[in-house]
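The values are calculated or read from the model by the stated rules, or taken from the named source; none is laboratory data. Computed from a predicted model, the values in this text were never measured in an experiment. Cβ: placed from backbone, ideal geometry, glycine included. Neighbour counts: every protein chain shown.
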């Protein structure tokens with residue numbers, strides 16, 4: 001009788017353990033041993049196998065291009081910033097002149113995995129002429145599905161936005177600073193999550209300081225400073241000013257869950273009010289969880305997981 005009772009308890013415990021460990025998501029696992037972006041360091045190759053290097057060529061006979069980052073979210077879709085797919089005049093860039101590179105670390109050497117784009121999908125509320133970067137989210141549909149490997153693997157999409165993150169990482173091939181050029185190899189930097197109330201205050205104080213105005217927040221000039229949009233979150237290394245810079249747009253702001261060891265794209269690089277490395281003004285990141293339904297609709301094979 002006692003044996004049967006203990007056996008029953010053991011089976012129930014085993015069942016509970018199985019339930020608590022059940023994780024159907026197949027995304028966000030970094031197999032590489034890995035590790036600039038402003039105030040960052042070089043990432044070890046393939047630490048982030050979902051990061052895409054995107055090139056928008058200026059024309060068919062020109063080797064020059066505009067550079068952005070992105071994240072592979074399933075075997076045929078890469079998410080990025082909507083402002084990347086428009087030029088400075090608000091004209092949609094040409095798909096035929098767009099190249100997406102996956103599995104790259106050095107963008108001068110690791111370019112064998114090149115993909116063309118069959119479709120631009122973006123939030124139609126986005127308007128680059130407004131210069132506010134609201135609704136800054138887009139998905140690139142690749143012309144052909146990709147094969148997953150240790151070097152090419154999708155990142156997880158969070159099913160909900162959480163308020164505070166203990167540690168966030170942003171990575172890309174953007175400029176190392178306002179006066180330095182861009183690196184050849186992928187760089188990463190750890191940044192601090194800044195809640196919107198604090199971000200609005202920092203934005204307000206920075207904007208007025210530029211105008212030569214000093215006053216307590218909020219003050220009489222509050223209406224002149226655009227508040228952080230609901231689709232944005234803020235982050236920066238508050239000690240060094242480290243964070244994203246020119247050329248990192250569209251790249252992922254990543255959170256690693258310490259319990260399941262999966263990486264989630266909680267944000268993507270949208271823009272900022274200051275210059276790279278200014279500790280007084282955080283970078284804006286589009287909140288990916290805000291686009292959960294959008295992603296489910298246009299990239300149904302993507303992995304939307306509990307964070």
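The residues on offer are 251, 272, and the sole one that is crowded, with 17+ Cβ neighbours inside 10 Å and either in contact with a helix residue (DSSP H, G or I) (Cβ under 7 Å, 6 or more places away or on another chain) or at pLDDT below 90 (or both) is 272. Restricted to region 116-219, the set of strands (runs of 3 or more DSSP E) holding at least 3 residues that are more than 23 Å from residue 278 (Cβ to Cβ) and at pLDDT 90 or above comprises 117-122, 138-142. Check off (1) within 22 Å of residue 248 (Cβ to Cβ); (2) surrounded by fewer than 20 Cβ atoms within 10 Å (Cβ to Cβ); (3) touching a helix residue (DSSP H, G or I) at 6+ places or on another chain (Cβ under 8 Å) for residue 136 and give me the number that stays unchecked. Looking at each condition in turn, residue 136 falls short on (2). When you look at residue 31, is it under 23 Å from the mean Cα position of the chain (by Cα), modelled with pLDDT of 95 or more and not in a helix (DSSP H, G or I), yes or no? No; evaluated as a whole, the condition is false for this residue. When region 75-87 is limited to residues that are over 15 Å from the mean Cα position of the chain (by Cα) and outside any strand (DSSP E or B), the one that is nearest to residue 170 (Cα to Cα) turns out to be 85. Among the residues of region 106-118, is there at least one that is surrounded by 18 or more Cβ atoms within 10 Å (Cβ to Cβ) and under 18 Å from the mean Cα position of the chain (by Cα)? No. All conditions in (1) part of a loop (DSSP other than H, G, I, E, B); (2) loosely packed, with under 14 Cβ neighbours inside 10 Å hold for residue 96, with the sole exception of (1). On the stretch given as region 56-79, residues that are in contact with a helix residue (DSSP H, G or I) (Cβ under 6 Å, 6 or more places away or on another chain) and closer than 20 Å to residue 270 by Cβ total 1.
Mind listing whichever residues of region 231-265 are under 18 Å from residue 138 (Cβ atoms) and in a strand (DSSP E or B)? If you could, list the steps in order and put the result at the bottom.
In the first step, residues of region 231-265 are kept if they are under 18 Å from residue 138 (Cβ atoms); the result is 231-233, 244, 247-253, 265.
Passing the criteria: 232, 233, 252, 253, 265.
Per the listing 70, 90, the residue uniquely assigned to a strand (DSSP E or B) and either within 24 Å of residue 290 (Cα to Cα) or out of contact with any strand residue (DSSP E or B) (no Cβ under 6 Å at 6 or more places or on another chain) (or both) is 70.
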